[in-house]
Amino acid sequence: MNMRRILAIVLSVLMILSVAACSAPGNDSENTSAPSNETASLKEGTYEVTGEGMNGDVVLNVTFDKKSITDISVKDASETEGIGVPAFDLMFPEIVKHQSVAVDTVSGATVTSNAIIVAVTEAIKQAGGNIEDFSKEPEKTAKGEPITKDVDIVIAGSGVAGLSAAVEASATGKKVLVIEKMPKIGGDSAICSGNIYATGSKVQEELGLTDNGTPEDLKNFYLKQGDGHASEAWAETTAKHSGESVDWLAEKGVTFKHRSPDSSHRSMISESSGVGIVNALAERAESQGAEIMTDTRATELIYKDGEVKGIIADNNGTKVTINAKSVILATGGYDGTDEAKAKYAPGSVGHHTFSSPGNTGDAIEMVQEIGGKIVLKGGLSGIALVGHLPLHSPLSQLRIINTSVGVTDLGYRYANESMSSPFDYYNPMVKTGRGQFYNIVDSTTTNELYDQAVEEGVAFKADSIKELAELAGIPAYTLNTTIEDYNKLAKAGKDTEFGKDTKDLKPLAKAPFYAIKITPNTNDTFGGVTTNLDTEVLDESNQPIKNLYAAGGVANGELFYLRYPVSGSSINMSTTYGRISGQNALENVQ
Ligand code: ADP
């Protein structure tokens, strides 16, 4: 059994988790032999927790005494005998023995291994444990001897792009290795809701989504959203393959439904969200013989005689040299950390990110080092949200109020409030250099949601603008002047400042007034490595670098520009170009 090291990082894990109730305290198991965690102070009991496995939910009972995990057992799961089930037998005793979720995952059972880590991590959280106390590396796996691997194709990154490439490449029986920097697979793809935007798929036909236009329409949509900075050839290719990509995912086991009755017939959503897409692809790739190594970060390309010949990676301090005939970079974007944003999109530093912490633009540096061409288009995609409430909170509809006055925390107006997409507010926000914004409204259009927002601490309410400013911590004089100026524009019927639609231009005069807290959040990045439409990475002279391919968020600069076109664009693009890279990378393999 080939085992791999894994370190628990909880942030992204928790986002995909579903949790059931905890049983009454004092329900400890008999096991007293586990080492205790002296720093822990836990709520004793057995916790029922769930992770998403290969064949649906993996429900575990995790038992704690005051200091340690004493037992883990399966409450309910339908994992496949011989594939997923060995992960239970191998990982449970290891987690209890080492009091750590940083144990080896089981090769060939990545999805079940992930589900176990997700569920046990949640149990630790529910028991009041500090996840860092339970993420220590077991000693036996400290820095090892360097490892060398010889494969046909190595893929860095296990999001939808990397895994689509892996499925295509391993279908032919070639030796395919996916390396993933994080302890769990999936990157942003596993965090996202699983929306996909396409035209012309059989899935749409079967769902009755007939009004989805033509590839030509979709191409024009991308070009429009790119404000003249998107490449026509990229828009055309992406649109042309969009339906086929949806059908291909469906064939690999992903079930889609219409996103909502109100959404466009081009919008579908995976019934098991982004994580369901990732799991289906990982399962398929492994069943075809591909290997997935987590906790393994690509650090350098092996480049000799003008050709890429593999990747150097780091697995918990162990150097891994991977010799390969083709290398595919599918490392996603660069908004996972502030350090990465500081390098590639400094205006977004400090903004909360929805992206996986592993998305730090590593491939950009690796490609630059061997003379590859990088195109950064000056920014990344972001979304305005109400306070720090989740995207799908009912209150999140208050993030766009066309009749409001949008101001910074300094009280200055910053944008045309008539925009319809929450993505469109992000760039005006970045331009202000501020990190906190407010939608100011009066009481002519309010409803019960506004008072609810006040109760939940994401809005302020007052009888005058001055008082409102004081409550929100906005300089009162500035806010007052901004509202007075805006009211003059409204009375004149023309927004000479930001060109707001006149139907939304109404003076704010009727107390009480509300200030809804709005925060900028990043969710994707634009630009990075440059490729042609065959996904070959280009050098500074636009010539392909031999044996090197890139797909997905790491190489989306020709298609996207400053504005994220629509929810579901990235998953579709990553599937399409991931597949193309997997197919083309096979050409170097005899
Ligand atoms: P995409 O949609 O392009 O597939 P994702 O964000 O879903 O993008 O996936 C990118 C994946 O690449 C993430 O899981 C991320 O952790 C991984 N990754 C980033 N940098 C490296 C690296 N240097 N080595 C291996 N994996 C990496």
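The values are calculated or read from the model by the stated rules, or taken from the named source; none is laboratory data. As the structure is a prediction and not an experimental result, all values here were calculated from the model. All Cβ positions, glycine included, derive from the backbone under ideal geometry; neighbour counts span all protein chains shown. Quick note on the areas: whole protein, heavy atoms, side chains included, nothing else; ligands and nucleic acids left out. Shrake-Rupley method; radii C 1.70, N 1.55, O 1.52, S 1.80 Å.
When both bridge partners sit in the chain, DSSP labels roughly 75% of those beta bridges antiparallel.
Across region 484-534 the C-alpha pair distances fall into 10 Å bins from zero in the proportions 18, 26, 23, 16, 12, 5 percent. Between the alpha-carbon centers of region 39-80 and region 176-248, tell me the distance in whole angstrom. Spelled out, the Cα-based centre of one part sits 37 Å from the other.
Take the alpha carbon atoms of region 437-590, find their radius of gyration, then divide it by 2.2 N^0.38 Å using N residues; give the quotient. Working shown, then result.
Values: Rg = 24.6 Å, N = 154, 2.2 N^0.38 = 14.9 Å.
Dividing the Cα Rg of region 437-590 by 2.2 N^0.38 Å gives 1.65.
Working from Cα pairs under 8 Å separated by at least six residues, relative contact order for the chain is 16 percent. What the pair-distance distribution of the chain shows, using all Cα-Cα distances binned every 20 Å from zero, is 20, 49, 28, 3 percent.
Measuring with a 1.4 Å probe in the full set of protein chains, what accessible area per residue, in whole Å², belongs to region 86-125?
Details: 810 Å² over 40 residues.
That works out to 20 Å² per residue.
Using a cut-off of 22 Å between Cα atoms, the listed pairs Lys341/Lys431; Lys466/Lys488; Lys66/Lys125; Lys125/Lys181; Lys466/Lys503 include Lys125/Lys181; Lys466/Lys503 as exceeding that distance. Length gained on full extension, Ser443 to Glu44: 138.6 nm, using 0.36 nm per residue less the C-alpha separation.
Take the Cβ-Cβ distance between Ser541 and Ala511 as r, set R0 to 60 Å, and report the resulting FRET efficiency rounded to the nearest 0.05. Could you put the intermediate results ahead of the total?
Values: r = 64 Å, r/R0 = 1.07.
With R0 = 60 Å, the Cβ-Cβ based efficiency is 0.40.
Per atom type, the chain shows carbon and sulfur on 49% of its accessible surface, probed at 1.4 Å.
Write down the Å³ per residue value for the convex hull defined by the alpha carbon atoms of region 98-172. Intermediate values should be presented prior to the final figure.
Working: hull volume 9.4 nm³, N = 75.
Convex hull of Cα atoms, per residue: 126 Å³.
Maximal additional length on extending the Glu307-Glu205 stretch stands at 32.3 nm, based on 0.36 nm per residue less the C-alpha distance.
What order, most packed first, do the peptides 296-304, 428-436 have when packing is the mean number of other Cβ atoms within 10 Å of each residue?
Details: 296-304: 18.9, 428-436: 16.9.
Ranked by mean Cβ neighbours within 10 Å, highest first: 296-304, 428-436.
Provide the net charge surrounding Leu376, with neighbours chosen by a C-beta distance below 13 Å and charges set as Lys +1, Arg +1, Asp -1, Glu -1. My count for the surroundings of Leu376 gives +1.
When the inverse distances between all different Cα atoms of region 418-523 are averaged and flipped, the Kirkwood radius reads 14.7 angstrom.
What is the Å³ per residue value for the convex hull set by the Cα atoms of region 247-314?
On the way: hull volume 10.7 nm³, N = 68.
Considering the Cα atoms of region 247-314, their hull volume per residue is 158 Å³.
Which listed residue (Gly371, Thr408, Asn359) has the Cα farthest towards the positive end of the charge dipole for region 358-418, taking +1 on Lys and Arg C-beta and -1 on Asp and Glu C-beta about the Cα centre? Ranked along the dipole, the leading option is Thr408. Counted by Cβ distance under 12 Å from Val118, the other residues give a net charge of -1, where Lys and Arg count +1 and Asp and Glu count -1. The calculated FRET efficiency for His352 paired with Tyr477, based on their beta-carbon distance and R0 = 35 Å, is about 0.75. From its DSSP helices (H runs of at least four residues, each -39,500 (n - 2.57)), the chain gives a residue-normalised ellipticity at 222 nm of -9000 deg cm²/dmol. Between the listed residues Val101, Gly51, Asn114, the Cα displaced farthest toward the positive end of the dipole of region 42-129, a dipole computed from Cβ unit charges relative to the Cα centre, is found at Val101. Fully extending the segment from His388 to Lys431, taken as 0.36 nm per residue of separation minus the present Cα-Cα distance, adds 13.4 nm.
To the nearest 10 degrees, how steep is helix 569-585 against the longest Cα principal axis of the chain, on a 0 to 90 scale? Helix 569-585 and the main axis of the chain meet at about 30 degrees. Please find the FRET efficiency linking Thr255 to Thr502, where r is the Cβ-Cβ separation and R0 is fixed at 45 Å, and quote it to the nearest 0.05. So, using R0 = 45 Å, E works out to roughly 0.50. All Cα-Cα separations within region 252-404 were binned at 10 Å from zero, giving a P(r) of 9, 24, 32, 25, 9, 2, 0, each value a whole percent of the pairs. In the chain, the longest principal axis of the Cα atoms and the axis of helix 110-126 are about 60 degrees apart.
Rounded to the nearest whole Å², what accessible area per residue is found for region 373-487 with the 1.4 Å probe?
For region 373-487, the solvent-accessible area averages 42 Å² per residue.
Across region 524-580, Cα-Cα pairs more than 14 Å apart make up 50 percent of the total. One equal scatterer on each Cα of region 171-272, no solvent, Debye formula: the resulting log10 I(q)/I(0) at q = 0.12, 0.14, 0.19, 0.21 Å⁻¹ is -0.50, -0.66, -1.02, -1.12. Derived scalar couplings between HN and Hα for region 521-531 equal 10, 8, 9, 5, 10, 10, x, x, 6, 9, 10 Hz in order, rounded to whole Hz, by the Karplus curve 6.51 cos²θ - 1.76 cosθ + 1.60 (θ = phi - 60°), x for Gly and Pro.
Please list the three semi-axes, largest first and in whole Å, of the ellipsoid equivalent to region 349-433, using sqrt of 5 times the eigenvalues of its alpha carbon gyration tensor.
Details: eigenvalues 194, 50, 24 Å².
So the equivalent ellipsoid measures 31, 16, 11 Å along its semi-axes.
Charges at C-beta only: +1 for Lys and Arg, -1 for Asp and Glu. How large is the resulting dipole of the chain about its Cα centre, in Debye rounded to 20?
1020 debye
The modelled label-to-label distance for the pair Glu132/Glu369, using points 7 Å beyond Cα in the direction of Cβ, is 2.9 nm.
Taken per residue, the accessible surface of region 261-311 reaches 39 Å², heavy atoms only and a 1.4 Å probe.
Rounded to the nearest angstrom and listed largest first, the equivalent-ellipsoid semi-axes of region 36-146 from its Cα gyration tensor are 22, 19, 10.
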